[in-house]
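Below you'll find the structure, written out as structure tokens, and then a few comments.
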Amino acid sequence: MSDTSRRPRKPGKPHRRPQKDPVRILAFEALRAVDERDAYANLVLPPLLRKAREKGDFDGRDAALATELVYGTLRRQGTYDAVLAECVDRPLREVDPPVLDVLSLGAHQLLGTRIPTHAAVSATVELARVVLGDGRAKFVNAVLRKVAQHDLDGWIERVAPPYDEDPEDHLAVVHSHPRWVVSALWDSLGGGRAGVEELLEADNERPEVTLVARPGRATTEELLHEDAAVPGRWSPYAVRLAEGGEPGAIEAVRDGRAGVQDEGSQLVALALANAPLDGPDARWLDGCAGPGGKAALLAALAAERGAVLLASEKQPHRAGLVAKALAGNPGPYQVIAADGTRPPWRPGAFDRVLMDVPCTGLGALRRRPEARWRRRPEDLDAFAPLQRGLLRTALESVRVGGVVGYATCSPHLAETRAVVEDVLKQFPSAEPIDARPLLPGVPELGDGPDVQLWPHVHGTDAMYLALIRRTG
């Protein structure tokens, strides 16, 4: 075999090494991890950024750009795929995934940022030379030059079907959600076009970081002394960080006295803790406690009343995360690894029970944009038996007169009201109670008795909560 590296170069075509751009290389690595390992960007990106800072490759502006490139590309993937499909001469499924990731990064820079067209194309082609090689970089260059012929609005006119002909597919392309998710959210809202468009737009916005000051361990006043901190909207324990705020730089967060927790999640725990109760109030259960945010808040609230929380989580590694979140709680608690559908505790042992059940996660698409592309309608059927089984366990685990909170981070009716209605038909000695008064000051909570929170209305994840009292 001849050594092609020793061939004389053609005159007029000097060899140039590709220029390595640490920001775009890091963004590409994060996208590959999301695609290859089914990783989540919010777990993959922070250690990559930390390593880049330690090496001296990044400053704050670099980290902000890398974050925008990763999350923006993931959020708008459906729209960019529709555009790229018009610019590539074969089905996208036949394009190598690493090449498609580079093309998507380029499309986001061209259509979703204010980076000048020439800079967006040249920087992405240079990235392709580094990570894909010269041959495929030429392909990337040709495709992105086609993408650059129109702005985002121009492309949407070309690739999205008219709303009047196919409303769901139009919204799916424009707002970058799978069609089945658009349909499900529309059903859950029960409203017209304006509401669902506001929700889809909210899903594509970068969420604020919200902290919780764990009672007895930290105060909101302490957290509000931090830079870029403002009070939460609804929870008395919430503090929001303006864009650029870094939770890991806050001492109370590093010590575990405060944590990162969406305000919707805080409201669910607070509503269960404050639900009216007849009789003793000494034993609380979090039956699906991982990774520990609600359990830590419940344990702190329980400690204030002299109650004890048992936090149970099926997966041992997640039970370890719960134990870490509860470490330092001002009162007694216990963490166990146990299957909530086959509980080791005796029936009727608890006064309050929270079951925040596993679900599709459609309520947290702002934070985990890649989840919208991973989930399928058939996932609902897979979760359904588990969700019903866990709610039955919760009702069996609470004493007569005690209260159960059924919660899930999904607004899909198949994971919310359908589960509660089905289980209550089989459990006549239980009745729903109105959860709305237990979220004081929170507007637009619907007709009750259950509560559905919304990103576009409340600025929270789309958490669902039903409160149920056992009557016999």
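The values are calculated or read from the model by the stated rules, or taken from the named source; none is laboratory data. Please read these numbers as outputs of a predicted model, since none were measured by experiment. Here the Cβ positions follow ideal geometry from the backbone for every residue, glycine too, while neighbour counts run over all protein chains shown. Heads up: the accessible areas ignore ligands, DNA and RNA and are worked out on the full protein's heavy atoms, side chains in. Shrake-Rupley method; radii C 1.70, N 1.55, O 1.52, S 1.80 Å.
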When a/c is below 1.5 the answer is rounded, else prolate if a/b is larger than b/c, else oblate, so apply that to segment 129-246 with a ≥ b ≥ c taken from the square roots of the Cα gyration tensor eigenvalues. oblate
With θ taken as phi - 60° and the coefficients 6.51, -1.76 and 1.60, list the Karplus ³J(HN,Hα) couplings across segment 276-284 in order, rounded to whole Hz; mark glycine and proline as x. x, 9, 9, x, x, 9, 10, 10, 10
Around L285, which amide H atoms from residues at least 5 apart in sequence, or from another chain, sit under 5 Å from its own amide H, with H modelled in the peptide plane? L310, R352, V353, L354
Assuming a ≥ b ≥ c are the square roots of the Cα gyration tensor eigenvalues, decide whether segment 393-472 counts as rounded (a/c under 1.5), prolate (otherwise, with a/b larger than b/c) or oblate. prolate
Cα centre as origin, Lys/Arg/Asp/Glu Cβ charges: the chain dipole, Debye: 1980
Taking alpha-carbon centroids only, segment 137-200 lies from segment 252-331 a number of Å equal to 40
Average Cα contact separation per residue, segment 115-245, under 8 Å, 6 or more apart, as relative contact order %: 13
Return the sequence-ordered ³J(HN,Hα) values of segment 128-136 in whole Hz as given by the Karplus equation 6.51 cos²θ - 1.76 cosθ + 1.60 applied to θ = phi - 60°, using x for Gly and Pro. 4, 4, 6, 9, 10, x, 5, x, 6
Applied in sequence order to segment 370-386, the curve 6.51 cos²θ - 1.76 cosθ + 1.60 (Karplus, θ = phi - 60°) yields integer Hz couplings, x standing for Gly and Pro, of 5, 4, 5, 8, 8, 6, 10, x, 5, 4, 4, 5, 5, 7, 3, x, 5
Loop sites in segment 16-58: trypsin sites (Lys or Arg not before Pro), DSSP, at most 14 other Cβ within 10 Å: R16, K20
Residue-normalised accessible area of segment 292-338, given per residue in Å² at a 1.4 Å probe: 42
Report relative contact order for segment 404-467 in percent, whole number only (criteria: Cα-Cα under 8 Å, sequence separation at least 6). 42
Output for segment 202-232: GluC sites (Glu not before Pro) sitting in coil per DSSP, at most 15 other Cβ within 10 Å, listed by number, reads E205
Compute the distance in nm between two label points, each set 7 Å from the Cα along the Cα-to-Cβ direction, one at R145 and one at L224. 5.8
Virtual spin-label span in nm between D35 and R305, 7 Å along Cα→Cβ: 5.0
The relative contact order of segment 55-193, taking Cα pairs under 8 Å that sit 6 or more residues apart, comes to a percentage of 24
Please compute the modelled spin-label separation between R158 and V400, points set 7 Å along Cα→Cβ, answer in nm with one decimal. 7.1
Where in segment 110-170 are there trypsin sites (Lys or Arg not before Pro) that are in a DSSP coil and have at most 15 other Cβ atoms within 10 angstrom of their Cβ? R114
Given backbone amide H placed at 1.01 Å from N, residues whose amide H is under 5 Å from that of G402, ignoring those fewer than 5 places away on the same chain, are R470
For percent of Cα pairs over 39 Å apart, the listed values are (i) 30; (ii) 25; (iii) 15; which was obtained by calculation from the structure presented? (i)
